[in-house]
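To start, the structure under review is shown below, and the notes come after it.
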Amino acid sequence: FKWQKEKTERPHETNPDEDLFFAAQVINNACATQALLSILLNHPEIDVGEELDTFRTFTKSFPPELKGEAIGSLDKVRNAHNSFARPEPFVPEEQRQATKDDDVFHFIAYIPHKGKIYELDGLKPGPIVLGTLNENEDWLNAVQPHIESRIQSYGSEIRFNLMAIIKDQRVVVKENKIKHTERVEELSQLSKVNDLKEEENAMECTPVHIDDDDGYQALLKESNPSRLRKQLEYENKCLVDSDVTMRQLEQKFHMWKNENIRRKHNYIPFVVSMLKILAKEKKLKPMMEKAFEKKQEREKLAKN
């Protein structure tokens with residue numbers, strides 16, 4: 001979102017829970033990377049790898065400022081962050097500071113933690129408690145009004161990105177395929193399914209599309225031949241759908257990989273070489289004149 005100074009500072013926790021990872025942002029232009037770390041390091045059930053896990057344990061008792069400094073010492077994080085930087089062929093000697101007329105954008109994180117909803121913003125002195133969660137309450141529903149309120153406070157501004165860290169969907173599809181494969185084998189081995197008579201197979205029965213384990217086990221205990229057959233058909237359909245979904249995901253990840261390569265590639269040497277060749281062959285000036293004429297035509301049409 002577009003960063004702007006809040007009219008009134010909201011209260012923050014001065015002595016947050018020790019298990020809550022909150023770091024002050026001390027590195028310029030690293031708010032997105034820090035927001036990602038704020039989410040990952042506050043979910044111990046996620047396997048973040050040995051380096052980040054050690055970092056989380058080592059910095060557990062650090063104050064926010066020191067945690068922010070420590071993030072800069074993580075070589076893998078720094079290299080990953082810098083790898084997505086846009087190549088700048090012409091770097092000015094002095095870095096211009098943003099002014100009030102510049103659009104400055106910022107990333108923050110929202111997380112649930114021990115029955116509370118937190119807003120983690122590295123530019124704030126501490127974590128901000130947005131509310132508490134009732135037992136079994138979906139934290140996404142609880143945090144939604146706070147996000148909507150922030151967006152509405154900007155009036156006509158529409159430049160917002162709301163993103164979530166989710167499990168690699170290829171892994172999810174593989175896990176589901178294993179589950180459906182095991183169910184197909186189990187249902188196929190049941191004699192009541194294999195020996196189902198044609199007239200029983202044609203009987204009307206309630207459609208069965210059971211995914212959860214408890215419902216599936218209840219279906220097996222029920223031992224209704226027609227319902228078991230319907231479930232077997234559904235499981236086979238899920239296997240086919242899994243293969244289709246996996247192919248689509250692989251294509252999507254391949255496209256993303258190519259997009260990242262193109263986005264990070266420095267095309268300036270290629271462009272300069274091409275211009276030199278065009279100039280040498282005396283083609284550059286005619287092309288520029290033709291482009292200028294087209295520009296004038298477009299401007300003339302726009303005025304009419």
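Here's the yes/no breakdown for (1) among the hydrophobic types (A, V, I, L, M, F, W, C); (2) farther than 30 Å from V184 by Cβ; (3) touching a helix residue (DSSP H, G or I) at 6+ places or on another chain (Cβ under 6 Å); (4) at pLDDT 95 or above:
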| residue | (1), (2), (3), (4) |
| --- | --- |
| L228 | yes, no, yes, no |
| E250 | no, no, no, yes |
| M255 | yes, yes, no, yes |
| E259 | no, yes, no, no |
| I268 | yes, yes, no, no |
| L275 | yes, yes, no, no |
| K295 | no, yes, no, no |
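For beta carbons closer than 6 Å, sequence separation of 6+ or different chains, a first residue in the range 112-124 that is under 16 Å from Q4 (Cβ atoms) and open to solvent by 10 Å² or more (accessible area, probe 1.4 Å) and a second that is modelled with pLDDT under 90 and not in a strand (DSSP E or B), the qualifying pairs are K124/H12.
Restricting attention to the range 250-289, the residues that are open to solvent by less than 80 Å² (accessible area, probe 1.4 Å) and β-branched (V, I, T) add up to 3.
In the condition set (1) exposed (fewer than 14 other Cβ atoms within 10 Å of the Cβ); (2) under 23 Å from the mean Cα position of the chain (by Cα), H146 is compliant with all but (1). Does the range 234-249 include one or more residues that are within 30 Å of S83 (Cβ to Cβ) and open to solvent by 100 Å² or more (accessible area, probe 1.4 Å)? Yes, the range 234-249 has at least one match. Scanning the range 125-141 for residues that are of a type in the set (A, V, I, L, M, F, W, C) and open to solvent by 20 Å² or more (accessible area, probe 1.4 Å) turns up V129, L130, L133, W139, L140. Yes or no: L301 open to solvent by 60 Å² or more (accessible area, probe 1.4 Å) and at pLDDT 90 or above? No; evaluated as a whole, the condition is false for this residue.
Listed by first and then second residue, the pairs linking a residue in the range 247-271 that is touching a residue at least 12 places away in the same chain (Cβ under 8 Å) to a residue that is loosely packed, with under 10 Cβ neighbours inside 10 Å and among the charged types (D, E, K, R), with Cβ atoms under 8 Å apart and 6 or more places separating them unless they lie on different chains, are R263/R86; K264/R86.
Take Y154 and tell me if it is within 25 Å of L36 (Cα to Cα), outside any helix (DSSP H, G or I), modelled with pLDDT under 90 and open to solvent by less than 60 Å² (accessible area, probe 1.4 Å). Give the derivation first.
Values: within 25 Å of L36 (Cα to Cα): yes; outside any helix (DSSP H, G or I): yes; modelled with pLDDT under 90: yes; open to solvent by less than 60 Å² (accessible area, probe 1.4 Å): yes.
Spelling it out, Y154 is indeed within 25 Å of L36 (Cα to Cα), outside any helix (DSSP H, G or I), modelled with pLDDT under 90 and open to solvent by less than 60 Å² (accessible area, probe 1.4 Å).
The values are calculated or read from the model by the stated rules, or taken from the named source; none is laboratory data. The model shown is predicted, which means the values in this text are computed figures rather than measured ones. Glycine gets a Cβ as well: all are built from the backbone with ideal geometry, and neighbour counts include every protein chain shown. All accessible areas refer to the heavy atoms of the entire protein, side chains included, with ligands and DNA or RNA removed. Shrake-Rupley method; radii C 1.70, N 1.55, O 1.52, S 1.80 Å.
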